[in-house]
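Derivation of every value follows stated rules applied to the coordinates shown; laboratory data play no part. Note that the structure is predicted; figures quoted are calculated from it, not measured. Virtual Cβ from ideal backbone geometry, glycine too; neighbours counted across all protein chains shown.
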Amino acid sequence: MSENHDALIEAAMASITAAQSLSELDDVRVQYLGKKGKLKSLQEQLKSLSPEEKREFGKTLNNIKQSIQTALTEKKTVLEQNEKSGPAIDAIDVTLPGVRALPGHRHPLMATMDEVKSILVGLGFRYDDYPEVESEFYNFDALNTPDWHPARDMHDSFYTTKGNVLRTHTSAFQTRAMKNFGPPPLRAMTSGRCYRRDEIDASHFPIFHQLDVIAIDENISFADLKWVLYQLASGLFGDDVQLRFRPSYFPFTTPSAEVDVMFNGKWLEILGAGMIRPEVLQAGGVDSEKWQGFAFGLGIDRMAMIRHGISDIRLMYENEEAFLRQF
Amino acid sequence: MRINTGWLRDYLSEDCKESELLDAFMTVGLEVEEEHNLAHALEPIRVGFIREKKPLADADNLFECLIEIEKGKLITIVCATAHPVEIGWGVPVAVAGTKLPTGAFIAEGKFKGIRSEGMICLDGELGLIAKSSGMQIFKDEAMLGASLPSLSPIQESLVEVSVLPNRPDCLGMIGIAREVAAVLDMKLKYPSARVITPAANQTEKVTVAIEDDTLCPRYACQVFDGVQIRSSPHWLKSRLQTAGLRPINNVVDITNFVMLEWGQPLHAFDFDSLKGNRIEVRRMRKDEKLKLLDESEVDGAHQPLVIADAEKPIALAGIMGGLNSQTTAGSKRILLEAACFESVCIRTSSRKLRVSTDSSYRFERGTDPNDMLSGAFNRAAELLQDTELSHAKPASDVTDQYPNVREQTRFTLDSGRFSKILGTEISDTQIEECLSKLEMTHDKNLTISVPTWRVDVNNEVVLAEDVARLLRYDSIVMKPLVATTTKGRVSETDGLRTKIATFLSSNGFLECRTPPLTTEQIALSFSQWPGDPIQVQNPISKEMTTLRQSLVGSLIEVAERNARRGASSFRFFEIDRTFRQNDDQIDERWMIGAVIGGAVNDSAWIASEKEIDFLRAKGLVQNLLAHISVDEIAYERDTAAKGYRGEEFAVIQHGGKRIGALGRIDLDALGIKDRARVPLYGVELDISTLIKVKSPARMFAGLARTQMIARDISIVVPLGLRYAEIEKSLSNAFEAAVTNLVTEPRKESDGPVSLQPKLESVICIDTFVGESVGADAQSLTIRMLFRDETHTLTSGEAQQLMDYVVEQLHSEHGAVQR
């Protein structure tokens, strides 16, 4: 009989050792100590025994029960410790994707525009909005581009039925800003939509975005212009940015320059700049004998295309989700 | 302007590397649009040997040639007799499908039923300037199939430069060579211009009458006799071809060549078709007509400036000659003309009559009346007399009308001012050196005389630019801005726009950029404010005629476009201006527009079954407004703006004033096919108003440490009673209940306490309509959160308040507690 008991204890001990989790261990407990467990059936045998045998057998049963119980408790502590300290087999698969709503995105054009703006704000420029439905005066005449001027050919403009022009460049803000803010020093900028009657192709869209800047003070020079443009370019393209300045022509600046940036081994044209012409300062009510300054303007569409490697301007106005989610 | 660098070198005193020449273009400010190094660009041109040649039936000027282009491979090419070829010659062949550097595309063609599979190329057609026969000929059979550049070294490029509009002097080879020479430290080599000595037998005399010399400051002409009209020599033809002009006959070619060389347009009339030995430069009379060389006819309606003989107009001044006086194969005597016209006058005529030519292009930008005669006219006169060319003899003196001689402009410069503008030290000597390279002369006081071809120099700052570009822009050292400090900032509106864009893009919205210029239908739908539409008078397409009054229409197009691509969930926004005109006042109103629809939680892998409905869309608007501190917002029913459905539409108000709208889109009304297949909602808010009504920085309201009491009431109310009414009554009832509140004793306090509980939140958490509540009724469950700031309310006190509220709702609205 006691051999049977030993076998029972051994089997119980083996099961306890084999248990890998608290629930498996609990199964073992039920199997031996539960209401219909193996010890219960041994207890049944008590009824048929004499009082002396009963006492003896009762003691044995108690011993068996206690040793199983002790083993269970010890194992339980170990398992609980394990479960706290390390991954168990049934731990969650942390590599499954998180449940989330799809994120939104800023448009690459607007993100680029905001970035340019924030660099310039840091350099002391104020940002304001100016009209898109503009008078010919501010868009052309005030910028030293009278009606007969051949430079107007560079801008094929949209006119409203009431005779206004849809601004062909953000430079239209220059003399407005000079008038609005009174005597220099002045550092101002604006950005937004511009309109030209261009045929749509991979690099032209009749409605596009520009950002224009002016700085006027007693001694602001071409050398200062170069410095500001390097600050801007290094903010956009990194500290080791290379720029190239080429002579160019804008009716409202002299000297004028076209500025290229070295990007992926190629020179890319990014902006036009120059010293504000005395005629323009005068149109803005600024004494050109006392004050001088620079102006520059850049195409935000082109800048966004360069920065993000977008090959076709039309993609930016089609607003396809597959495109917008990439930025 | 297309420039062959081989031709350009004719005018440079020294030789230089091709790459230096190309760099020089950029340095002086000539923008190189396209550049073909002919040594590479002519790689596809192969030497083919002519094996057979026979005249084409019914065409006496065409030959059919069989040409071997590689060992054993023969193709047929039909060629003209313009350039003779012989059997056994090796010639440059472009097979069909080749694009020549001059831009011409060689396609297969059919002539009199014979298929031609390529072209035998003349030098000019290849973009090369001819050195001898005008076509390269090879005799050595070993060269069969070899590429052209591998056989004879080619050191020419074709460069397409865009000449800036302020520099018409660069619309000729000499002008460009002058700039290039200045940069490369060379001398400009002018072509020989022999002054014409009057011929012995002057038989003709032509008078010139200029009606208004402000429109025509100078006019010169001369008769030439014994003209032999024929084809030009190869050196001349090829030069015209490289520039993209078609050779016509020697006289026309000479005038074109001189125009390309000097930038000065010239014209040759058939002298025998002119009447009265008299040239008039005058406005066209209203009843006159003139047929131009291109056979189009102009009338006198706009009274453009014309050249006339004693009887009739013979040319549209500065633009195009007349058909009635053109030089033809039979012309014996010609009248050579050079003139200077006022640019605005030519520009106006050209625009009004819609005729633009190489000639008008140059006059519109300005020409030099001094170079006109001494340079261009004399050069053309010399070429006309050239025996190799037309072999003509002068038959009259030069008649030259030049009443007001244009003098050189003079500027007294200040090197200090130049230094200040450029931000680098510039000396008098540097200024003198730089400007003399551009043929400007100076005296001791730094007074500079500017040649009359520089029509752009109207201010001394232009000379500062000349100095800067000849010193090179890159040599000006940048320096940190030293100036008065200014405050950098974005405008308040712009700050708000960024805040809104950030909020929406953090809430799953995609930002769009759609054209503000759109169709009238899209532009005027969803418009919430009165005002005339702003339309363009010269649209480029029907899709872009009107400036929009709302952003929603464009965003619907975006949603539909994405629906076509398979999207089922839509969250798009845009921040932009909308446009209206009230009399002369233009209203450019900044708006935020959004379109939303589809699954609420558009997670990539656990799809929600819930779809966006009106209240969910409203919830987003509420959160947005809370985010930007706009409080006290009311949503009211109103007549829906066009494009919204009336039953799901609200105008959004602040202080009784409209700040926006929210509603379900009515695709049917817009005539748009529903591809989204889910309800779409549009929202639009007026940023210009939001900026005015948003609260300043929020103030701290204190923290109550007592426990919040939450009570739900479920009531049945008549259908049609608006929730806002119930909520208003409920708040009023709660306030009244507080005044009647009987406080209960508390352990912490011996005496009675004073209680002022406040209703902190009222939320409708459920609505139900159904049989169990009756036909004309609905059930609402409303959760109220309230507390007193100093004492936690007892359940008895809370019950008193609730009982009173329920009673009030019953007496005011007949509400019954469920």
field: For chain B, calculated [θ]222 nm from helices alone, where every DSSP H run of n ≥ 4 adds -39500 (n - 2.57)
entry: -7500 deg cm²/dmol
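Take B:739, B:255, A:168 and order them by how many other Cβ atoms sit within 10 Å, fewest up front.
On the way: B:739 8, B:255 25, A:168 22.
Starting with the residue having the fewest Cβ neighbours, the order is B:739, A:168, B:255.
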Residue A:99-residue B:627 FRET efficiency (beta carbon distance; Förster radius 30 Å; 0.05 resolution): 0.80
query: Restricting attention to the alpha-carbon atoms of region A:267-327, what are Rg (one decimal) and Dmax (integer), both in Å?
result: 18.3, 55
- line: With T = 37 °C, eta = 0.692 mPa s and Kirkwood Rh from C-alpha pairs, the Stokes-Einstein D of chain B in µm²/s is about 93 µm²/s
- line: Between the Cα axis of helix A:51-85 and the main Cα principal axis of chain A, the angle (0 to 90°, nearest 10) is 10 degrees
- prompt: Cα axis of helix A:2-18 to longest principal axis of chain A: angle in degrees, 0 to 90, nearest 10?
  reply: 0 degrees
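Restricting everything to alpha-carbon atoms, can you work out Rg to Rh for chain A with a Kirkwood hydrodynamic radius?
On the way: Rg = 41.3 Å, Rh = 26.3 Å.
Rounded to two decimals, Rg/Rh equals 1.57.
So how much slack lies between residue B:209 and residue B:152, counting 0.36 nm per residue of separation and subtracting their Cα-Cα distance, in nm?
On the way: separation 57, 0.36 × 57 = 20.52 nm, distance 5.42 nm.
Using 0.36 nm per residue and subtracting the Cα-Cα distance, I get 15.1 nm.
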- prompt: Of the chymotrypsin sites (Phe, Trp or Tyr not before Pro) in region B:631-702, which ones lie in a loop per DSSP and count no more than 11 other C-beta atoms within 10 Å?
  reply: B:700
Scattering profile of the protein assembly as shown at q = 0.04, 0.05, 0.07, 0.09 Å⁻¹ [log10 I(q)/I(0), Debye over alpha-carbon scatterers]: -0.39, -0.56, -0.88, -1.21
- request: Equivalent ellipsoid semi-axes for region B:771-818, as square roots of 5 times the alpha carbon gyration tensor eigenvalues: give them largest first, rounded to whole Å.
  value: 28, 11, 8
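For a protection proxy built on the mean count of beta-carbon atoms within 10 angstrom, sort B:358-366, A:47-55 highest first, please.
Working: B:358-366: 23.4, A:47-55: 9.9.
With the highest mean Cβ count within 10 Å placed first, the list reads B:358-366, A:47-55.
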- request: For residue B:722, put the label point 7 Å out on the Cα→Cβ axis and report which residues of region B:611-638 keep their amide N under 14 Å from it.
  value: B:633-638
message: If I fit a long axis through the Cα atoms of helix A:222-237 and take the longest principal axis of the Cα atoms of chain A, what angle between them do I get, 0 to 90°, rounded to 10?
response: 20 degrees
- prompt: Stretch residue B:776-residue B:439 to full length: gain in nm at 0.36 nm per residue minus the Cα-Cα span?
  reply: 111.6 nm
message: Given points 7 Å out from each Cα along the Cα-Cβ axis, report the residue B:40 to residue B:275 separation in nanometres with one decimal.
response: 6.0 nm
query: Using the Cβ atoms and a cut-off under 13 Å, what net charge is assigned to the surroundings of residue B:231, where Lys and Arg are +1 and Asp and Glu are -1?
result: +1
- prompt: By count of other Cβ within 10 Å, fewest leading, how are B:174, B:691 ordered?
  reply: B:691, B:174
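Shielding by partners for B:531-544, please: the mean number of other protein chain Cβ atoms within 10 Å of each residue's Cβ.
Details: counts 0, 2, 2, 7, 3, 10, 6, 7, 3, 8, 2, 0, 0, 6.
Partner Cβ neighbours, averaged per residue: 4.
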task: Give me the compactness ratio for region B:402-460, meaning the Cα radius of gyration over 2.2 N^0.38 Å.
output: 1.21
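Among B:510-517, A:117-124, what's the highest-first ranking by average C-beta atoms within 10 angstrom per residue?
Details: B:510-517: 23.2, A:117-124: 17.9.
Descending packing order for the listed peptides: B:510-517, A:117-124.
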- request: Would you mind classifying region A:176-327 by shape? Square roots of the alpha carbon gyration tensor eigenvalues, ordered a ≥ b ≥ c; an a/c under 1.5 is rounded, otherwise it is prolate if a/b is larger than b/c and oblate if not.
  value: prolate
query: Using a ≥ b ≥ c from the Cα gyration tensor of region B:593-722 (square roots of the eigenvalues), is it rounded, prolate or oblate, where a/c under 1.5 gives rounded and otherwise the larger of a/b and b/c decides, a/b for prolate?
result: prolate
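Are there trypsin sites (Lys or Arg not before Pro) in region B:138-243 that DSSP marks as loop and that have at most 10 other Cβ atoms within 10 Å, and which are they? Kindly include the intermediate steps, with their values, before the conclusion.
Numbers: sites: B:139, B:178, B:187, B:189, B:194, B:205, B:218, B:230, B:237, B:239; in loops: B:139, B:187, B:189, B:194, B:205, B:230.
Those that pass, being in a loop and sparsely packed, are B:139, B:194.
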- line: Zone reached by a paramagnetic label modelled 7 Å from residue B:202 Cα along Cα→Cβ, restricted to region B:392-428 with backbone N below 15 Å, covers B:394-401
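Set the Förster distance to 51 Å, then compute FRET efficiency between residue B:400 and residue A:159 from the Cβ-Cβ distance, nearest 0.05. Walk me through the numbers on the way to the answer.
Details: r = 43 Å, r/R0 = 0.84.
Taking R0 as 51 Å, the efficiency between residue B:400 and residue A:159 is 0.75.
Going from the alpha-carbon gyration tensor of region B:21-92, what semi-axes, largest first and in whole Å, does one get by taking the root of 5 times each eigenvalue? Before the final figure, lay out the partial values.
Values: eigenvalues 281, 53, 16 Å².
So the equivalent ellipsoid measures 37, 16, 9 Å along its semi-axes.
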task: Extending each Cα 7 Å along its Cβ direction at residue A:26 and residue B:356, get the distance between those two points in nm, one decimal.
output: 8.7 nm
Largest-first principal axis extents, alpha carbons of region B:705-774, Å: 52, 21, 19
- prompt: If you take the square roots of the eigenvalues of the alpha-carbon gyration tensor of region B:457-542 and sort them as a ≥ b ≥ c, do you get rounded (a/c under 1.5), prolate (a/b over b/c) or oblate?
  reply: oblate
- prompt: Taking the simple approach of a point 7 Å from Cα along Cα-to-Cβ for both residue B:610 and residue B:765, what is their distance in nm?
  reply: 1.5 nm
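How high is the FRET efficiency between residue B:739 and residue B:642 when r is their beta carbon distance and R₀ equals 56 Å, given to the nearest 0.05?
Values: r = 49 Å, r/R0 = 0.88.
So, using R0 = 56 Å, E works out to roughly 0.70.
Just tell me how shielded A:243-254 is by partners: mean number of partner chain Cβ atoms within 10 Å of each residue's Cβ, no decimals. Show your work: numbers first, answer last.
Working: counts 2, 3, 8, 10, 15, 6, 9, 2, 2, 0, 2, 12.
Other-chain Cβ atoms within 10 Å of each residue's Cβ, averaged: 6.
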field: Inter-part distance where region A:2-74 and region B:483-549 are each reduced to a Cα centre, Å
entry: 82 Å
statement: For residue B:20, placing the label point 7 angstrom along Cα-to-beta-carbon and taking region B:126-159, residues whose amide nitrogen sits under 20 Å are B:154-159
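How long is the gain from residue B:107 to residue B:699 if the chain were fully straight, where each residue apart is worth 0.36 nm and the alpha carbon distance is subtracted? Numbers along the way, then the final one.
Values: separation 592, 0.36 × 592 = 213.12 nm, distance 7.83 nm.
Extra length available between residue B:107 and residue B:699 comes to 205.3 nm.
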query: Using mean Cβ contacts within 10 Å as the protection proxy, how do B:550-563, A:233-246 order, highest first?
result: B:550-563, A:233-246
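Only counting other Cβ atoms within 10 Å, I'd like B:83, A:169, B:40, B:234 sorted with the fewest neighbours first. Please report the intermediate quantities before stating the final value.
Working: B:83 17, A:169 24, B:40 11, B:234 20.
So the residues, fewest neighbours to most, are B:40, B:83, B:234, A:169.
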message: List the pairs from B:542/B:673; B:187/B:479; A:179/B:479; B:542/B:642; A:162/B:289 whose alpha-carbon separation is above 24 Å, in the order I gave them.
response: B:187/B:479; A:179/B:479; A:162/B:289
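Evaluate peptide A:311-318: per residue, the Cβ atoms of other protein chains within 10 Å of its Cβ; return the mean as an integer.
On the way: counts 0, 0, 0, 0, 0, 2, 5, 6.
Mean shielding by partner chains, rounded to a whole number: 2.
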